[in-house]
Amino acid sequence: MTTASAELLSRLARPEVRDLPAYNAGLSSDVVRQRYGVTHVARLASNENPFGPSPAVAKALAELAGAAATYPDANSQALRSAIAERTGTQAGQVVMGNGSENLLEVLCQAFLSPGDRVVTLSPSFGLHDIYPRMMGARVQMVPVTPALEFDVDAWCDALAGGPQPPKLAMLSNPSNPVGCMLDAHAFRRIVQATPPETLLVIDEAYYEYARLTPGFPDALAELRAQSRPWIALRTFSKAWGLAGLRVGYGIASDEKLVQILDRVRTPFNVNLAAQTAALAAWKDPAHMEMSVRETVARRDALAAQLHALGVTMAPSAANFLFLNLQRANGPVAEGLLARGVAVKPWKERGYENFIRVSIGSAEDNALFLQAFTDVMGLAS
Ligand SMILES: *Cc1c(COP(=O)(O)O)cnc(C)c1O
């Protein structure tokens, strides 16, 4: 491509898009294998579920091949109804997404105009920042405390401040990447501090894990008691083991909110394989619960081993740990990759000394611990 046409394209793109940072999705396992000459890659960078989905998913997908020529149900009706039933919701209050990140995108497209204010957490899940900026919104970030906890007072100030109430307030509970959690009391304070004109978006991507941490709020019960707009987002990517197929859902305060989002999303945003697999997984909650219990036990075991080595970290209610290396994370992540271990070195300003490591299989966790001990020069 010529320089002239690159410059032209840059000018043709919306100014918001020109300056947008790319999502940091990390390297594929193939690239890691090739670049570092390793045979096995411990994938501990994306919070995937090492147990995979229910065995019922493989069966359902195998039976699907003959149906590939037909469009999926644009309303994901069977899946919506099943989710509504178990969560005690009306089907009309459930919205489906091509991953919950798709719902974050659609929320921003539906509600944000240039100049609108969005309040979110820092360090943050990248898309909580990128999608609002794509729409020209101003993103105000509320940092965690130095002890890596939610700063509830700062949240209340940010929500109440400014000449206009924020259009959206978006937070993940538990937080990604930190893993810290708002307990029921703190959650209530933040909900009550959110202006009634603000759409409150609670991203519960790690809900199934966090439920096992004492004090985790019943967000749906708390929000249903409010007369204000809200949406809680959950996903099949983490605890349900379906990250590759892209299914997430939202439970909304009103049918009206779902109708608005349905108008903005692409009509067939959840494909046939994704709907089929998610429904099969949803019907086997015992498998999901087993994987969550095991993962939480491994998380706590790994955290204890790291503590014993003198590593500091945030307490986590999710399926990952956020480690403070007290040194630049880039070379450490490189050293881990050279040993076949992929983690996520955090790139946000102020957090360049942190890595996020997902809890994987027992073997991969052991591989991580050994490689980390080597690379950091810790005594084991
Ligand atoms: C993983 C994650 C998601 C995205 O999940 P998908 O359903 O795979 O799009 C959303 N929010 C947070 C905070 C996450 O960590």
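Here, each number is a calculation from the coordinates, and none is a lab measurement. Since the structure is predicted, the reported quantities are computational estimates derived from the model, not experimental observations. Don't worry about glycine lacking a Cβ; one is built from the backbone with ideal geometry, like all the others, and counts go over all protein chains shown.
Mind checking which aspartates and glutamates have their C-alpha under 13 Å from residue 283, skipping anything on the same chain fewer than 8 residues away?
Cα-Cα hits under 13 Å: 85.
Positive end of the charge dipole of region 251-310 (Lys, Arg +1 and Asp, Glu -1 on Cβ, about the Cα centre): tell me which of 269, 281, 295 has its Cα farthest that way.
Comparing the listed Cα positions along the dipole, 269 ranks first.
Relative contact order of the chain: what whole-number percent is it, with Cα pairs under 8 angstrom and at least 6 residues apart?
Averaging sequence separation for qualifying contacts and normalising by length gives 24 percent for the chain.
Taking 0.36 nm per residue of sequence separation and subtracting the Cα-Cα distance, how much length would be gained by fully extending the chain between residue 353 and residue 284, in nm to one decimal?
20.9 nm
Mean 1/r over all different Cα pairs, inverted: what Kirkwood radius does region 264-380 give, in Å?
Over region 264-380, the inverse of the mean reciprocal pair distance is 16.2 Å.
Could you grab the relative contact order for region 153-213? Cα pairs under 8 Å, six or more apart, rounded to a whole percent.
Relative contact order, region 153-213: 45 percent.
Could you run the Karplus curve 6.51 cos²θ - 1.76 cosθ + 1.60 with θ = phi - 60° over region 349-360 and give me ³J(HN,Hα) per residue in whole Hz, x for Gly and Pro?
4, x, 10, 6, 9, 10, 10, 10, 10, 7, 8, x
Can you compute the modelled spin-label distance between residue 294 and residue 226, with each label point 7 Å from Cα toward Cβ, in nm?
3.7 nm
Under 4 °C and 1.567 mPa s, how fast does region 1-131 diffuse according to Stokes-Einstein, given a Kirkwood radius computed over C-alpha pairs? Answer in µm²/s, whole number.
The calculation lands on 65 µm²/s.
Counting C-alpha atoms alone, how compact is region 316-356: give Rg to one decimal and Dmax as a whole number, in angstrom.
Reported Rg and Dmax, both Å: 10.1, 29.
When Lys and Arg each count +1 and Asp and Glu each count -1, what net charge do the other residues less than 13 Å away from residue 321, Cβ to Cβ, add up to?
+3
I'd like to verify something in the chain: which complete DSSP H helices, judged by Cα projection on the helix axis, reach 18 Å or more and average at least -0.5 on the Kyte-Doolittle scale?
Correct list, ordered by number: 285-308, 362-376.
Under the Kirkwood approximation for Rh and a Cα-based Rg, what ratio Rg/Rh is obtained for the chain?
Ratio of gyration radius to Kirkwood radius: 0.96.
Beyond 22 Å, what share of the Cα-Cα pairs of region 91-184 is found? Please give it as a whole percent.
31 percent
Multiplying the sequence separation of residue 308 and residue 18 by 0.36 nm and subtracting their Cα-Cα distance, what value in nm do you get?
Here the segment from residue 308 to residue 18 would lengthen by 99.8 nm.
Once the dipole of region 280-363 is set up with Lys and Arg at +1 and Asp and Glu at -1 on Cβ about the Cα centre, which of 321, 332, 309 lies farthest towards its positive end?
So the residue we want is 332.
Taking the Cα centre of region 249-301 as origin, work out the dipole magnitude from +1 charges on Lys and Arg Cβ and -1 charges on Asp and Glu Cβ, in debye rounded to 20.
Approximately 140 debye in magnitude.
With unit charges on the beta carbons (Lys and Arg positive, Asp and Glu negative) and the dipole taken about the Cα centre of region 38-123, which residue among 67, 78, 112 sits farthest to the positive side?
Positive-most Cα among the choices belongs to 78.
On a 28 Å Cα-Cα criterion, which of the cross-link pairs 59/256; 238/347; 59/238; 238/344 come out too long?
Where the Cα-Cα span goes over 28 Å, the pairs concerned are 59/256.
Would you kindly compute the Cα radius of gyration of region 297-340 and its largest Cα-Cα separation (Dmax), both in Å?
11.4, 29
Starting from the amide H of residue 144, placed 1.01 Å from N in the peptide plane, find each other amide H under 5 Å away whose residue is 5 or more places distant or on another chain.
When sequence neighbours closer than 5 places are left aside, the close amide H contacts are 122.
By what distance, in whole Å, do the Cα atoms of region 176-226 stretch along each of the three principal axes, largest value first?
31, 21, 15
Which far-off residues, 5 or more places away or on another chain, put their amide H under 5 Å from the one on residue 42, with H placed in the peptide plane?
341, 342
Roughly speaking, what % of Cα-Cα pairs in region 117-158 are separated by over 16 Å, rounded to a whole number?
Of the Cα pairs, 34 percent sit more than 16 Å apart.
To the nearest 20 debye, what charge dipole does region 316-377 have about its Cα centre, counting +1 at the Cβ of each Lys and Arg and -1 at the Cβ of each Asp and Glu?
The dipole of region 316-377 has a size of about 200 debye.
Rounded to a whole number of µm²/s, how large is the Stokes-Einstein D of region 223-288 at 25 °C and 0.890 mPa s, given Rh as the Kirkwood radius over C-alpha pairs?
Rounded to a whole number, D works out at 184 µm²/s.
What's the magnitude of the charge dipole for the chain around its Cα centre, counting Lys and Arg as +1 and Asp and Glu as -1 at the beta-carbon? Answer in Debye, nearest 20.
So the magnitude is around 400 debye.
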